[in-house]
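Before any comments, here is the structure.
The values are calculated or read from the model by the stated rules, or taken from the named source; none is laboratory data. Just so it is clear, the model here is predicted, and its values are computed rather than measured. All Cβ positions, glycine included, derive from the backbone under ideal geometry; neighbour counts span all protein chains shown. Heads up: the accessible areas ignore ligands, DNA and RNA and are worked out on the full protein's heavy atoms, side chains in. Shrake-Rupley method; radii C 1.70, N 1.55, O 1.52, S 1.80 Å.
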Protein chains: 2
Amino acid sequence: MSVHLAKGMRDILPGELRKRRSMIERIQHVFESFGFEPLQTPAVERIETLMGKYGDEGNKLIFRILARGKAGEQGKADSALRYDLTVPLARVVAMNPQIPLPFKRYQIQPVWRADRPQRGRFREFYQCDVDVVGTENGLAEAECIAIVHQALLALGFAEFKIRLNDRRILRAMVSEIGALDREVDILVAIDKLDKIGEKGVRENLGEQGFSSEQIDRLFEMLNNGGIPNVETEVSNLESIQQMAHSLGVDPSRVCIDYTLARGLDYYTGPVFETVLTDDNIGSVSGGGRYDGLIGMFGKKQVPAVGVSLGLERLITIMEERGMLTDTEGQADVWVTVFNSEYQVNSLEIAQILRKGGFRTLVSMKAGKLGKQFKKAHAAGVRWVIVCGPDDLSSGTVQVKDLQSGSQASVSLSKLVESMQ
Amino acid sequence: MSVHLAKGMRDILPGELRKRRSMIERIQHVFESFGFEPLQTPAVERIETLMGKYGDEGNKLIFRILARGKAGEQGKADSALRYDLTVPLARVVAMNPQIPLPFKRYQIQPVWRADRPQRGRFREFYQCDVDVVGTENGLAEAECIAIVHQALLALGFAEFKIRLNDRRILRAMVSEIGALDREVDILVAIDKLDKIGEKGVRENLGEQGFSSEQIDRLFEMLNNGGIPNVETEVSNLESIQQMAHSLGVDPSRVCIDYTLARGLDYYTGPVFETVLTDDNIGSVSGGGRYDGLIGMFGKKQVPAVGVSLGLERLITIMEERGMLTDTEGQADVWVTVFNSEYQVNSLEIAQILRKGGFRTLVSMKAGKLGKQFKKAHAAGVRWVIVCGPDDLSSGTVQVKDLQSGSQASVSLSKLVESMQ
């Protein structure tokens, strides 16, 4: 009988899971230091809640679930798997008017998308979102930026840059060249600057029928500023930048950049994006203000700012760079068993060690010590305890430190103490 | 526009989530102290992997997922949501021959069942399983029992009893009364002893056509033992009990009980179940040896022992008894903002506090202090910081301790220290 995972799915085996957990814990710690609270929403949402929220492409990629039918029959698909964490947040806010605003929540949960599987991309993957719901204060943007900054530092990244812009500044440029009806085309083109450079974008816009005067004027503003009627937006960005500095963000790591065109129809104000400057993997975090979205299920608009950390991408980079190690391993100590008659002694010793705070394994098979040591090595423990009849009759055990290679005979009453 | 959760689903809001997390952490700590390793499997499995594994009822309750079809079309259901954690474990073991045996894993993840929703029962709920795969050593059973014992203690339970039996002993009783062809009927009846008592079970068996001689003989064995040909099994149970004691299990909390008929077609050897003796909620944990199941996807039998903690049931009981409290709350400190001009000072103070290890909120709205204090109270912080122009010009802040009601003027350089 052959057995497989479902397409695009994967298991997270213990070693990898411990690494992911320790990484996620560090991130959570940063979120919580800013008073963000955890939220969990169900994997399954009503199909009406999700459909139409992610465009045509999204509608295709949503995993639909069949209603419970009668035996053998298939009901119709009336629910679906969570596609992101933003729509569920909007639903939670609409359904829970008792939550005090601003609501500062983070959410780290898997989402599911029926993408064509590719190397390193899965149909189940974790998203990591931080949002401030219910305030127009630019402090919300500053906290999102500061959180990304501290989280990346906590993960061990040093070379990164947070770029900052405002959707309304981009729109003013589009307006200035008299092309408001073609805003999306222009933003899509600008978004390619990183990949194809100014020359490429100019050609692209030319091919789309924009005049060279329009293109020149656009790049003048993109490169040198001087955009008309955006004083408010620019001073707002500067104020956000200033607040971010007060929140510990290194000034050299955050800059206003009018070419940042992130998020085409989602964001309504400031936008930000973080790239690793010593890698060309693309952005590892992005976010901004999206005042239209959270209110989608309610009667009134709800201002909101959010940022996503690209968890899976960060894990990939950290793995490649050796920044993720399974420091804990399966256990700290392995207690060998001399023979079945002496198993009870090994169990009691293990229990002493557990009480002392050591994660402790006991051989499930007595017999040759060599084999037991081999298993202990494979489990990645630091210490192996040997307790034969001679040791036990004198109230001692042999403690072998695999790290230093040293071995010592230690009295049982001093065992825990000797291993500190 | 009205908005709802999908049927049988729920959100876990921050306060509740913190309580669940702290509870799960305590349990994980016990598991890891015995060297059990975490595993995560995907929510989505191939439909062939799940169908037929849970009986007719299970087949009906499995949530089936549609394959990605062309736009607008529905493909057929080729995958499904995880229904338990045991079948995925069997799949993982079959697919990963490199994992050293015995494989000691725990898994705490949601499962999905299309049950008719009832009060307090959801279609997405967490299971918490611990299994030892790949050993026939009774130490595996003893560790499972010890883990349940320590986990319940760690959660604050003191009044509970772990009952222990062996499926083969039950079978020997059935054989002794010449009813091997009706084993299931008898086990189902015995399983009702807790609810309907000996009298009820006797009547039930009588109605099913068993003779009074058969019923008398059965209860003689259930109550007094003396079952023929089970010396090996009984001494195995005694040995497990002895090992559990060595692993810290209070002898008064574990007993051999021939009436325990847990698990009809699943278990192949020892079985165990834990009930709270100061509650009649039913079992909070159950498990046993199931040597036939883990090998289902492979070529050879793989011995295994596992135990489940009834996480959702335990949470319900702990909530009812007030054993679960959100001790952490949203944050530790709230920094007020005197007015927008002084916001930057509040941000810098907040940053000092965060560096000092305090989870810190800053008012998103300056203005009346009374309102800010009200929000701070609602957030459950212990301390509120007030920093007006007078304070700041003298390099101090006002620290109000909401717990003691005291207020003090503290120099900024001593702030963190003063709050230890």
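Quick one: which of B:E143, B:E136 is within 23 Å of A:Q343 (Cβ to Cβ), assigned by TED's automatic domain parsing to the domain that holds B:F36, assigned to a loop (DSSP other than H, G, I, E, B) and of a type in the set (D, E)?
Matching residue, one of B:E143, B:E136: B:E136.
Anything in segment A:122-133 that is in a strand (DSSP E or B), surrounded by fewer than 24 Cβ atoms within 10 Å (Cβ to Cβ) and either out of contact with any Phe, Trp or Tyr (no Cβ under 6 Å at 6 or more places or on another chain) or hydroxyl-bearing (S, T, Y) (or both)? List them, or say none.
Hits for segment A:122-133 are A:F125, A:Y126, A:Q127, A:C128, A:D129.
If B:L101 satisfies every condition in (1) part of a loop (DSSP other than H, G, I, E, B); (2) in contact with a helix residue (DSSP H, G or I) (Cβ under 9 Å, 6 or more places away or on another chain); (3) at the interface with chain A (Cβ under 7 Å from one of its Cβ atoms) but one, which is the exception?
If we test B:L101 against (1) part of a loop (DSSP other than H, G, I, E, B); (2) in contact with a helix residue (DSSP H, G or I) (Cβ under 9 Å, 6 or more places away or on another chain); (3) at the interface with chain A (Cβ under 7 Å from one of its Cβ atoms), just (3) comes out false.
Which of (1) more than 23 Å from B:V148 (Cβ to Cβ); (2) assigned to a loop (DSSP other than H, G, I, E, B); (3) at pLDDT 95 or above; (4) open to solvent by 10 Å² or more (accessible area, probe 1.4 Å) does B:V3 not meet, given it meets every other one?
Looking at each condition in turn, B:V3 falls short on (3).
Are there any pairs, at least 6 apart or on different chains, whose C-beta atoms fall under 8 Å, with the first in segment B:137-166 and closer than 11 Å to B:V30 by Cβ and open to solvent by less than 10 Å² (accessible area, probe 1.4 Å) and the second among the β-branched types (V, I, T) and assigned to a helix (DSSP H, G or I), and if so, which?
Note: pairs meeting the criteria are B:I147/B:V30; B:A151/B:I27; B:A151/B:V30; B:L155/B:I27.
Do we have B:D191 as of a type in the set (D, E), touching a residue at least 60 places away in the same chain (Cβ under 8 Å) and in the same structural domain as B:L311 (by TED's automatic domain parsing) here?
For B:D191, the condition - of a type in the set (D, E), touching a residue at least 60 places away in the same chain (Cβ under 8 Å) and in the same structural domain as B:L311 (by TED's automatic domain parsing) - is met.
Within segment A:299-329, how many residues are at pLDDT 95 or above and within 12 Å of another protein chain (Cβ to nearest Cβ)?
Summing the residues that are at pLDDT 95 or above and within 12 Å of another protein chain (Cβ to nearest Cβ) in segment A:299-329 gives 2.
On the basis of being within 14 Å of chain B (Cβ to nearest Cβ) and either surrounded by fewer than 19 Cβ atoms within 10 Å (Cβ to Cβ) or under 36 Å from the mean Cα position of the chain (by Cα) (or both), does A:A172 make the cut?
Numbers: within 14 Å of chain B (Cβ to nearest Cβ): no; either surrounded by fewer than 19 Cβ atoms within 10 Å (Cβ to Cβ) or under 36 Å from the mean Cα position of the chain (by Cα) (or both): yes.
It is false that A:A172 is within 14 Å of chain B (Cβ to nearest Cβ) and either surrounded by fewer than 19 Cβ atoms within 10 Å (Cβ to Cβ) or under 36 Å from the mean Cα position of the chain (by Cα) (or both).
Looking for something in contact with a strand residue (DSSP E or B) (Cβ under 9 Å, 6 or more places away or on another chain) and either open to solvent by less than 20 Å² (accessible area, probe 1.4 Å) or not aliphatic (A, V, I, L, M) (or both) - is there at least one such residue anywhere in segment B:211-223?
no
Taking B:Y266 as the residue in question, decide whether it is in contact (Cβ under 8 Å) with a residue 60 or more places away in the chain and more than 14 Å from chain A (Cβ to nearest Cβ).
no
For segment B:398-411, enumerate the residues that are open to solvent by less than 40 Å² (accessible area, probe 1.4 Å) and over 45 Å from the mean Cα position of the chain (by Cα).
Passing the criteria: only B:V410.
Quick check on this structure: which one of B:G55, B:G69, B:G35 is under 30 Å from B:E143 (Cβ atoms), modelled with pLDDT under 95 and of a type in the set (G, A, S)?
On the way: B:G69 fails: under 30 Å from B:E143 (Cβ atoms); B:G35 fails: modelled with pLDDT under 95.
That would be B:G55, the only listed residue that is under 30 Å from B:E143 (Cβ atoms), modelled with pLDDT under 95 and of a type in the set (G, A, S).
Residue-wise test of (1) farther than 22 Å from B:E37 by Cα; (2) among the β-branched types (V, I, T).
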{"site": "A:I349", "(1), (2)": "no, yes"}
{"site": "A:K374", "(1), (2)": "no, no"}
{"site": "A:V381", "(1), (2)": "no, yes"}
{"site": "A:S404", "(1), (2)": "yes, no"}
{"site": "A:L412", "(1), (2)": "yes, no"}
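Within segment B:99-125, work out how many residues are modelled with pLDDT under 95 and of a type in the set (S, T, N, Q).
Number of matching residues: 1.
Does segment B:83-96 include one or more residues that are out of contact with any helix residue (DSSP H, G or I) (no Cβ under 9 Å at 6 or more places or on another chain), closer than 23 Å to A:R113 by Cβ, assigned by TED's automatic domain parsing to the domain that holds B:L153 and open to solvent by 20 Å² or more (accessible area, probe 1.4 Å)?
Scanning segment B:83-96, I find no residue that is out of contact with any helix residue (DSSP H, G or I) (no Cβ under 9 Å at 6 or more places or on another chain), closer than 23 Å to A:R113 by Cβ, assigned by TED's automatic domain parsing to the domain that holds B:L153 and open to solvent by 20 Å² or more (accessible area, probe 1.4 Å), so the answer is no.
If we keep just the residues of segment A:270-315 that are aliphatic (A, V, I, L, M) and assigned to a loop (DSSP other than H, G, I, E, B), which is nearest to A:Y54 (Cα to Cα)?
That would be A:L293.
Across segment B:325-368, what is the total count of residues that are of a type in the set (K, R) and open to solvent by 60 Å² or more (accessible area, probe 1.4 Å)?
3
Each row is one residue, and each column tells you yes or no for (1) free of Cβ contacts under 8 Å to residues at least 12 places away in the same chain; (2) outside the structural domain of A:V93 (by TED's automatic domain parsing).
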{"position": "A:A304", "(1), (2)": "no, no"}
{"position": "A:V307", "(1), (2)": "no, no"}
{"position": "A:R313", "(1), (2)": "no, no"}
{"position": "A:F338", "(1), (2)": "no, yes"}
{"position": "A:E341", "(1), (2)": "yes, yes"}
{"position": "A:A350", "(1), (2)": "no, yes"}
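Residue pairs, Cβ under 8 Å, 6 or more apart or interchain, first in segment B:11-26 and among the polar types (S, T, N, Q), second open to solvent by 30 Å² or more (accessible area, probe 1.4 Å). List them.
B:S22/B:T327; B:S22/B:E328
Across segment B:206-239, what is the total count of residues that are farther than 16 Å from B:R182 by Cβ and touching a Leu at 6+ places or on another chain (Cβ under 7 Å)?
Within segment B:206-239, residues that are farther than 16 Å from B:R182 by Cβ and touching a Leu at 6+ places or on another chain (Cβ under 7 Å) number 1.
Could you figure out which of (1) touching a residue at least 60 places away in the same chain (Cβ under 8 Å); (2) open to solvent by 10 Å² or more (accessible area, probe 1.4 Å) isn't true of A:R46?
The single condition A:R46 does not satisfy is (1).
Would you please name the residue that is most open to solvent (accessible area, probe 1.4 Å), looking only at residues in segment A:384-397 that are over 25 Å from A:D326 (Cα atoms) and outside any helix (DSSP H, G or I)?
Out of the qualifying residues, it is A:S394.
So A:E183 ticks every box in (1) of a type in the set (D, E, K, R); (2) farther than 24 Å from A:D278 by Cα; (3) open to solvent by 50 Å² or more (accessible area, probe 1.4 Å) but one. Which box is left unticked?
Just one mismatch for A:E183, condition (3).
Which residues, taken from segment A:369-383, are buried (at least 17 other Cβ atoms within 10 Å of the Cβ), closer than 18 Å to B:E136 by Cβ and more than 9 Å from chain B (Cβ to nearest Cβ)?
Hit for segment A:369-383 is A:Q372, nothing else.
Being surrounded by 18 or more Cβ atoms within 10 Å (Cβ to Cβ) and closer than 16 Å to B:A146 by Cα is the requirement here; does B:S239 meet it? Spell out how you get there, then give the answer.
Values: surrounded by 18 or more Cβ atoms within 10 Å (Cβ to Cβ): no; closer than 16 Å to B:A146 by Cα: yes.
Here the answer is no, as B:S239 does not meet what is asked.
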